[in-house]
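In what follows, a structure is listed as structure tokens, so that the remarks can point back to it.
Values in this text are rule-based calculations from the coordinates and carry no lab data. Everything numeric here is computed off the predicted structure, so don't read it as measured data. With ideal geometry, Cβ positions are generated from the backbone for all residues, glycine too; neighbour counts draw on all protein chains shown.
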Amino acid sequence: MYGGSKALFFALSRSTALKRLASKYGMATPESFARRFIAGETVEEAIHDARILQSRGMLLTLDYLGESVRTIDEASAATAEYVRLIDVIVKSGIERNVSLKLTQLGVTVDRATCVDNLRRILDPAGKHGFFVRIDMENSPYTAVTMEVFETLWQQEHRNIGVALQAALHRTEQDVRRMIELGARVRLVKGAYKESPAVAIQAKKDVDAAFVRLMRILLDEGTYPAIATHDEAIIASTCSYANSRNIARDRFEFQMLYGIRRDLQARLVADGHRMRIYLPFGRQWFPYFMRRLGERPANVGFVLRAILRER
Ligand code: FDA
């Protein structure tokens with residue numbers, strides 16, 4: 001079911017009819033179903049939620065949703081939105097940290113344009129003390145994501161890091177490379193359905209790989225982010241850090257907006273650094289479908305919400 005539901009929801013995320021239906025009901029009011037995972041369609045709504053989270057002692061990364069653009073113009077528009085977002089964040093006074101995807105900046109259209117677009121974001125971001133995290137997309141983009149990251153790293157951009165997926169066979173090698181560079185990694189399990197040729201299939205084996213990589217990153221990495229809602233893995237991270245005398249300010253936990261809010265609050269209360277990934281924007285459908293694919297039980301609450309709103 002683990003990989004099967006991911007594949008099913010990935011296929012459904014391409015359906016325009018479903019997208020139209022979801023767009024009609026998903027965000028219409030603050031109670032609409034997609035709001036559980038997405039702050040809203042506008043940056044103002046995201047800033048509103050960001051302020052609430054900050055007042056609860058949480059750190060943030062804002063994600064202007066979008067991916068898989070098909071033209072250079074679309075990539076350029078997404079880049080301009082990120083530059084505008086940097087400006088809005090600076091004016092709002094919330095924390096300076098954003099996440100983005102390379103297919104949003106045009107990596108599938110033209111790689112050089114994508115590098116230029118990322119640079120257009122990193123320049124103002126660097127000037128204003130932002131950290132920029134590159135999300136990791138599905139495996140056809142892993143190598144190019146690492147290459148684009150390194151191109152910019154070698155050009156002395158240091159306000160940048162990547163997410164790496166424990167599920168992929170290649171990830172230990174990527175983790176080692178990031179350690180060698182002194183670059184920051186966000187470790188995640190991996191949200192996409194992948195083939196056995198590139199990825200571990202059984203959930204328990206992905207979990208074991210995550211724990212192994214978490215330990216390597218805590219021992220040798222630069223301020224790693226342990227991004228999971230898995231309580232057992234979080235407990236294992238805390239006890240490993242304790243056993244190695246790794247201070248709480250040398251790593252952080254990260255979770256997605258709207259998932260395990262109880263655990264988010266508990267980790268803050270226990271004195272841990274807890275960053276919330278806060279997505280917003282009109283292109284929320286594929287992100288939303290990945291959240292359903294991770295936990296098919298979520299479909300029940302969506303159906304109930306749709307029936308209520310009709
Ligand atoms: P797991 O799936 O085992 O879930 C553990 C528990 O968390 C569940 O039992 C449930 O309680 C809760 N939970 C998890 N997902 C839920 C959901 N959708 N709805 C409700 N409850 C849920 N992936 C990727 O491929 N590239 C990336 O760049 C990122 N970036 C990223 C950033 C951050 C901050 C996080 C936390 C995660 C990502 N991910 C990601 C997603 C990640 O790969 C993974 O798919 C999800 O985090 C779910 O896996 P867990 O580690 O939470 O474990």
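Here the 3J(HN,Hα) profile of segment 39-51, calculated from phi with Karplus coefficients 6.51, -1.76 and 1.60 at θ = phi - 60°, is 5, x, 9, 10, 5, 4, 5, 5, 5, 4, 5, 4, 4 Hz, Gly and Pro shown as x. Dividing the Cα radius of gyration of segment 189-310 by its Kirkwood radius returns 1.01 for Rg/Rh. Taking 25 °C and 0.890 mPa s as conditions, the chain diffuses translationally at an estimated 124 µm²/s according to Stokes-Einstein applied to its Kirkwood radius (Cα pairs). Of the Cα atoms belonging to segment 1-133, the radius of gyration and Dmax stand at 16.4, 46 Å. Would you tally the net charge around Thr142, using a Cβ to Cβ cut-off of less than 9 Å, leaving Thr142 out, and scoring K and R as +1, D and E as -1? Every neighbour counted, the sum reads -1. In order along segment 133-147, the Karplus-derived 3J(HN,Hα) couplings, from 6.51 cos²θ - 1.76 cosθ + 1.60 at θ = phi - 60°, round to 9, 8, 5, 9, 9, 5, 4, x, 10, 5, 4, 5, 5, 5, 5 Hz, and Gly and Pro are given as x. When DSSP beta bridges are restricted to pairs lying wholly in the chain, around 5% turn out antiparallel.
Might you report the magnitude of the Cβ-based charge dipole of segment 129-273 about its Cα centre, with Lys and Arg at +1 and Asp and Glu at -1, to the nearest 20 debye?
Values: 20 positive and 19 negative charges, 65 e Å.
Its charge dipole is roughly 320 debye.
Eigenvalues of the Cα gyration tensor times 5, then square-rooted: what semi-axes does that give for segment 58-217, in whole angstrom, largest first? List each step's numbers first, then the result.
Working: eigenvalues 140, 65, 42 Å².
Ellipsoid half-lengths, sorted descending, are 26, 18, 15 Å.
For the listed residue pairs Lys101/Lys203; Lys19/Lys91; Lys24/Lys193; Lys19/Lys101, the alpha carbons are over 29 angstrom apart in Lys19/Lys91. When the charge dipole of the chain is built from unit charges on Cβ atoms (+1 for Lys and Arg, -1 for Asp and Glu) and taken about the Cα centre, the candidate among Ala75, Ala191, Thr171 whose Cα reaches farthest toward its positive end is Ala191.
About its Cα centre, what dipole magnitude does segment 39-283 give when the only charges are +1 on Lys and Arg Cβ and -1 on Asp and Glu Cβ, stated in debye to the nearest 20?
On the way: 33 positive and 33 negative charges, 118 e Å.
Dipole about the Cα centre, nearest 20: 560 debye.
Residues whose amide H lies under 5 Å from that of Ser99, counting only those 5 or more places away or on a different chain, are Leu62, Asp63, Tyr64, Arg133; hydrogens are built 1.01 Å from N in the peptide plane.
Could you tally the net charge around Glu95, taking each other residue with its Cβ under 14 Å from the Cβ of Glu95, Lys/Arg +1 and Asp/Glu -1?
Cβ neighbours under 14 Å give a net charge of +4.
Per-residue 3J(HN,Hα) values for segment 112-122, derived from phi via the Karplus relation 6.51 cos²θ - 1.76 cosθ + 1.60 with θ = phi - 60°, read 5, 5, 4, 4, 4, 4, 5, 4, 4, 7, 5 Hz in sequence order (x marks Gly and Pro).
Over the chain, DSSP H runs of length four or greater, each weighted -39,500 (n - 2.57), average out per residue to a 222 nm ellipticity of -16000 deg cm²/dmol. As a ratio to 2.2 N^0.38 Å, the alpha-carbon radius of gyration computed for segment 93-148 takes the value 1.16. Neighbours of Ala241, meaning other residues whose beta-carbon lies under 9 angstrom from its beta-carbon, give a summed charge of +3 when Lys and Arg score +1 and Asp and Glu score -1. In this structure the amide hydrogen of Arg186, modeled in the peptide plane, comes within under 5 Å of the amide hydrogens of Val162, Ala163, Leu164, Ala225, none closer than 5 places in sequence on its chain.
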